[in-house]
Amino acid sequence: MEKQFISNNYIKTNYHTHSIFCDGKDSFEDIIETAINRDIKILGFSSHSVYPHTLKSNMNPQDFETYCKNIEFLKLKYADKINILCGFEADFIPNFCRPDFFAYRKFTPDFLIGSIHFLYNGETDITKILAIDHTPQILLDGLKNLYHDNVKELIGHYFSTQRQMLEECNFSIIGCSGETTIYVAPKSVSGRVV
């Protein structure tokens with residue numbers, strides 16, 4: 001029997017690209033030049049967003065138009081070398097923000113990544129919602145204070161929120177699936193922190 005191999009015909013792409021507009025460290029042009037040098041054919045910028053709100057490590061809503069205009073300019077400038085797309089990694093926080101093309105229609109993104117970096121915990125202040133991928137200590141403190149060290153409850157809440165996002169929102173790509181397992185799962189046994 002002859003072995004079948006995956007085709008070598010593929011296009012190198014990256015749709016999960018952060019710049020200085022959120023928590024990235026490089027400018028658009030530095031990122032574009034690196035992508036071209038690495039033979040990436042499609043580069044999608046996707047700054048973190050909790051639009052229309054503001055949180056640390058996310059784009060400030062007052063910068064959205066500048067972000068989009070800069071990307072549109074660079075699409076034209078580099079059109080003969082790389083296909084550049086404008087997008088957002090949009091968080092789903094019930095009652096606050098959602099990764100949905102309707103919510104972002106003013107900015108006409110090429111794509112949206114739907115992600116969960118925060119778990120809604122009944123707070124009415126967005127700055128007090130549990131950040132699940134900021135630092136291990138923040139997540140572990142939230143696990144203790146909000147979930148009484150019950151890892152299964154926290155992870156269940158994460159995946160039920162993800163399911164809600166998938167059912168309710170209109171976006172292109174799901175991002176950061178399984179965020180809660182980064183810091184918590186290796187430290188747990190039978191759903192309890194040890």
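The values are calculated or read from the model by the stated rules, or taken from the named source; none is laboratory data. Remember, predicted model here, so these are calculated numbers, not experimental data. Here Cβ is always computed from backbone atoms with ideal geometry, including for glycine, and neighbour counts include all displayed protein chains. All accessible areas refer to the heavy atoms of the entire protein, side chains included, with ligands and DNA or RNA removed. Shrake-Rupley method; radii C 1.70, N 1.55, O 1.52, S 1.80 Å.
Remarks
- 0 to 90° range, to nearest 10: angle between helix 28-37 axis and the chain longest Cα axis: 70
- If both residues of a DSSP beta bridge must be in the chain, then about 25% of such bridges are antiparallel.
- Shown in residue order for region 82-98 are the 3J(HN,Hα) couplings computed by the Karplus curve 6.51 cos²θ - 1.76 cosθ + 1.60 at θ = phi - 60°: 7, 8, 9, 10, 9, x, 9, 8, 9, 7, 9, 10, x, 6, 10, 7, 8 Hz (x for Gly and Pro).
- Against the chain, whose longest principal axis is taken from its Cα atoms, helix 64-77 shows a tilt of about 30°.
- Our coupling estimate for region 150-161, obtained by passing each phi through the Karplus curve with A = 6.51, B = -1.76, C = 1.60 and θ = phi - 60°, is 8, 4, 4, 5, 4, 5, x, 5, 4, 6, 5, 5 Hz, Gly and Pro reported as x.
- Each of THR127, THR66, THR161 has its accessible area taken with a 1.4 Å probe; listed largest first, they run THR127, THR66, THR161.
- For TYR15, the residues 5 or more places off, or on other chains, whose built amide H falls under 5 Å of its own are GLY44.
- Annotation: amide H-H contacts under 5 Å for HIS48 (H modelled 1.01 Å from N, sequence separation of 5 or more, or interchain): ASP23, MET59, GLU89.
- Heavy atoms of PHE159 accessible to a 1.4 Å probe, total area in Å² rounded to 10: 80
- Here, the chain yields an orientationally averaged convex hull projection of 14.6 nm² when only Cα atoms define the hull.
- Within region 36-146: Cβ-based charge dipole about Cα centre, in debye rounded to nearest 20 (Lys, Arg +1; Asp, Glu -1): 260
- Point-to-point label distance, ILE126-LYS25, nm (Cα→Cβ direction, 7 Å offset): 2.7
- Rolling a 1.4 Å probe over the heavy atoms of the protein chains gives the chain an accessible area of 57 Å² per residue.
- Taking every DSSP beta bridge that has both ends in region 50-136, the antiparallel portion is near 40%.
- For LEU154, solvent-accessible area (1.4 Å; no DNA, RNA or ligand), Å²: 0
- Placed amide H near ILE132: partners under 5 Å, 5+ positions off or other chain: PHE118, LEU119
- Using θ = phi - 60° in the Karplus curve 6.51 cos²θ - 1.76 cosθ + 1.60, the 3J(HN,Hα) couplings for region 123-130 round to 5, 9, 10, 4, 6, 9, 7, 5 Hz; x is entered for Gly and Pro.
- Heavy atoms of HIS18: accessible area, 1.4 Å probe, square angstrom to 10: 40
- Descending semi-axes in Å of region 28-129, equivalent ellipsoid built from Cα gyration tensor: 29, 13, 11
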